[in-house]
């Protein structure tokens with residue numbers, strides 16, 4: 001995949017994101033940050049998931065402000 005660099009002041013980007021509705025923010029988040037991975041989890045990843053699930057059940061997590 002070819003990479004392109006663009007220069008934009010961070011303040012403009014933040015202002016743009018603030019003006020979007022929650023559905024648009026969620027779509028951007030999914031397209032930018034979520035990658036599909038079909039490789040089996042490593043032992044360390046399985047442990048990290050179990051720890052995260054325990055934290056969630058114990059109420060030790062921060063609720064994401066939008067999403068499903």
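Here, each number is a calculation from the coordinates, and none is a lab measurement. Here the structure is a predicted model, which means the values were calculated and not measured.
Rounded to the nearest 10 degrees, the angle from helix 22-33 to the longest Cα principal axis of the chain is 70 degrees. Checking [x] 14.2; [y] 11.9; [z] 15.6 against Kirkwood radius over Cα pairs in Å calculated from these atoms, the matching label is [z]. Taking the longest Cα principal axis of the chain as reference, the axis of helix 10-19 is set at about 80 degrees.
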